[in-house]
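**Student:** Got a structure for you, written out below as structure tokens; questions coming shortly.
The values are calculated or read from the model by the stated rules, or taken from the named source; none is laboratory data. All of these numbers come straight from a predicted model, not from anything done at the bench. Note that we place each Cβ from the backbone using ideal geometry, even for glycine, and neighbour counts take in every protein chain shown. Accessible surface areas use protein heavy atoms only, side chains included; no ligands, DNA or RNA. Shrake-Rupley method; radii C 1.70, N 1.55, O 1.52, S 1.80 Å.
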Amino acid sequence: LGGGHAHVGMMIYQDKLWPEKYKNRLMTLNMHGLRVNVERLEQTLSGYVGKHEPDFMISKDPFFRGTEISVGPDGNVYVIDWS
């Protein structure tokens, strides 16, 4: 369920274009799960802990291998895929 635990790429969405529910969420690419994971960051005494939220995207392409995720100058999120 959801693939292994090999994650690459990471961003924290801080733009205003997307819905508020994505603001300050950490997103990573799950290589084996073919998806974009979302974590809600909660502050602790020594830093932050990520709490899993519903995945943002699940690819139906078995060759999808996301390698980088970032916010572009237009406020949208872009994924580089090595397929």
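**Student:** Just for segment 1-59: of the residues that are of a type in the set (Val, Ile, Thr), touching a strand residue (DSSP E or B) at 6+ places or on another chain (Cβ under 9 Å) and more than 16 Å from residue 80 (Cβ to Cβ), which one is surrounded by the most Cβ atoms within 10 Å (Cβ to Cβ)? First the steps, then the outcome.
**Tutor:** Our first condition is that a residue be of a type in the set (Val, Ile, Thr); within segment 1-59, this holds for 8, 12, 28, 36, 38, 44, 49, 58.
Next, only the ones that are touching a strand residue (DSSP E or B) at 6+ places or on another chain (Cβ under 9 Å) stay: 8, 12, 28, 36, 38, 49, 58.
Filter again for more than 16 Å from residue 80 (Cβ to Cβ), leaving 12, 38, 49, 58.
Working: 12: 13, 38: 20, 49: 11, 58: 13.
Here the answer is 38.
**Student:** Also, I was wondering about something else. How about segment 60-69: which of its residues are part of a strand (DSSP E or B) and surrounded by 14 or more Cβ atoms within 10 Å (Cβ to Cβ)?
**Tutor:** Initially, segment 60-69 is screened for residues part of a strand (DSSP E or B), giving 66-69.
Result: 66, 68, 69.
**Student:** Here's another thing I want to ask about it. Within segment 32-57, which residues are of a type in the set (Val, Ile, Thr) and farther than 15 Å from residue 6 by Cα? Steps first, answer last, please.
**Tutor:** Restricting attention to segment 32-57, the residues satisfying the condition of being of a type in the set (Val, Ile, Thr) are 36, 38, 44, 49.
44, 49, listed by residue number.
**Student:** Show the residue pairs meeting these rules: Cβ distance below 8 Å; 6+ apart or different chains; first residue within segment 66-83 and closer than 15 Å to residue 6 by Cα and touching a residue at least 12 places away in the same chain (Cβ under 8 Å); second residue hydroxyl-bearing (Ser, Thr, Tyr) and open to solvent by 60 Å² or more (accessible area, probe 1.4 Å).
**Tutor:** Qualifying pairs under 8 Å: 69/78.
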